[in-house]
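Some notes on the structure that comes next.
The values are calculated or read from the model by the stated rules, or taken from the named source; none is laboratory data. If you're wondering where the values come from, they're calculated on a predicted model, not measured in any experiment. Reconstructed Cβ throughout: ideal geometry from the backbone, glycine too, with neighbour counts over all protein chains shown. With ligands, DNA and RNA removed, areas are computed over all heavy atoms of the protein, side chains included. Shrake-Rupley method; radii C 1.70, N 1.55, O 1.52, S 1.80 Å.
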Amino acid sequence: MKAAIIKEYGDVTQLEVTDIDKPILKEDEVLVKNFASSINPIDYKARQGLLQSMFKWQFPVVLGWDLAGKIVALGDKVQGFKIGDEVFARPDIDPLGTNGSYAEYTAVKEDKLALKPENISFEEAAAVPLAGLTALQMLKQLNLEAGQKILIQGGAGGVGIFAIQLAKIFGAFVATTASENNTEFVKSLGADLVIDYHENTITEVLSDYDAVLDTVNDIEGGISILKTGGSFVTISGALTEEQKDMSDKHIMTGWLQPNGEDLSFLGKQIRNNNLKIVIDSTYPLTTEGIQSAQKRSETHHARGKVIVKIK
């Protein structure tokens, strides 16, 4: 099968599309023929070697953690899906680094899968899993409730786009940070208040908030606007011991846990037209295409997800 691999850590020139063997299925896995994948910050950070302390991979490595496609084979113990099902998923991270989604086929555990909503394309479906699951699970970790006020830092980013919409589904008042160019865009997603971070700091505008989701590593700023008893979670920075031990506020680091049940919830919201998917750009699974896709993601100026079209 064709796959984009790296043979060592480095810049985008390490990415090349070549032929490798298909994954070998375990009994609780399905084999998905991928139609599309998408780019996430973890992809290029892994390529640069910044995650070596977390993953002991063997080269060549296939990156990618979003996929949408059709099931073409089943492990012996799989019962909830059948060959031909259209699915999307954020697979587990392969301990060897060879089962990424920048490939024509990926093996996925049954409990990480969800049926693709019928009203969206494979490209749109591939934009959802990692960013959408992260947004949903962080709002759950914050125990966000109707009527509460939440700040979502970085509303035009991949996670922020889903977090704004989900927070509104949950009934919250949503403030977010964005550039002037993205102000109307995040308002269209449901943001009630938008702060242009080039003009104001959040502490100049906000106070007494119930919850903060930090996607931009502004930990001190986010904590400072919380009310007593408020909750803060970051997916982009490292907390100090002092921050972790604050007695009057709940300060947490968030980690995505791939989960088919949560993904099915997102699929239901998409089917009901409650959740908009935003695609920035689409690239083919070629050496030039995958390099360009990661370059676009690394600019931090993509509005929505960068998609890799595989079929």
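When SER188, SER292 are compared by accessible area at a 1.4 angstrom probe, the order from most to least is SER188, SER292. Roughly how many Å² of ASP208 are accessible to a 1.4 Å probe, to the nearest 10? Result for ASP208: roughly 90 Å² accessible.
Going by the alpha-carbon gyration tensor, a ≥ b ≥ c the square roots of its eigenvalues, is the stretch 105-148 rounded (a/c under 1.5) or, if a/c is not under 1.5, prolate (a/b greater than b/c) versus oblate?
Numbers: a/c = 2.82, a/b = 1.80, b/c = 1.57.
Verdict is prolate for the stretch 105-148.
Less than 5 angstrom separates the built amide H of ALA114 from those of PHE88, all sequence-distant by 5 or more or on a different chain. Applying 1/(1 + (r/R0)^6) with R0 = 35 Å to the Cβ-Cβ distance of LYS7 and LYS249 gives a FRET efficiency near 0.15. List, in the order given, every pair from LYS70/LYS268; LYS168/LYS309; LYS33/LYS305; LYS112/LYS268; LYS109/LYS244; LYS7/LYS295 whose Cα-Cα distance in the structure shown is over 25 Å. Violating the 25 Å Cα-Cα cut-off are LYS168/LYS309; LYS109/LYS244.
Each peptide in 255-261, 133-139 gets a packing score, the mean of other Cβ atoms within 10 Å over its residues, and the list from highest to lowest is 133-139, 255-261. At q = 0.12 Å⁻¹ the log10 of I(q)/I(0) for the chain amounts to -0.79, computed by Debye summation with a single uniform scatterer per C-alpha, solvent ignored. Taken one residue at a time, the phi angles of the stretch 36-46 give Karplus couplings (6.51, -1.76, 1.60, θ = phi - 60°) of 7, 9, 8, 9, 10, x, 4, 5, 6, 5, 5 Hz. Gly and Pro are set to x.
Within the assembled protein chains, the solvent-accessible surface assigned to ASP28 is about 60 Å², based on a 1.4 Å probe. Can you give me the pair-distance distribution of the stretch 13-140, C-alpha pairs, 5 Å bins, whole percents? Computed distribution, short to long bins: 2, 11, 21, 23, 21, 14, 7, 2, 0. Loop-located GluC sites (Glu not before Pro) in the stretch 31-140 (DSSP state not H, G, I, E or B) with no more than 14 neighbouring Cβ atoms inside 10 Å: GLU118. Per-residue accessible area (protein heavy atoms, 1.4 Å probe) orders ARG90, ARG296 as ARG296, ARG90, starting from the largest. For the stretch 72-122, the set of trypsin sites (Lys or Arg not before Pro) satisfying both a DSSP loop assignment and a count of at most 13 other C-beta atoms within 10 Å is given as LYS77, LYS82. Extension gain, LYS268 to LYS77, is 66.2 nm, computed as 0.36 nm per intervening residue step minus the present C-alpha separation.
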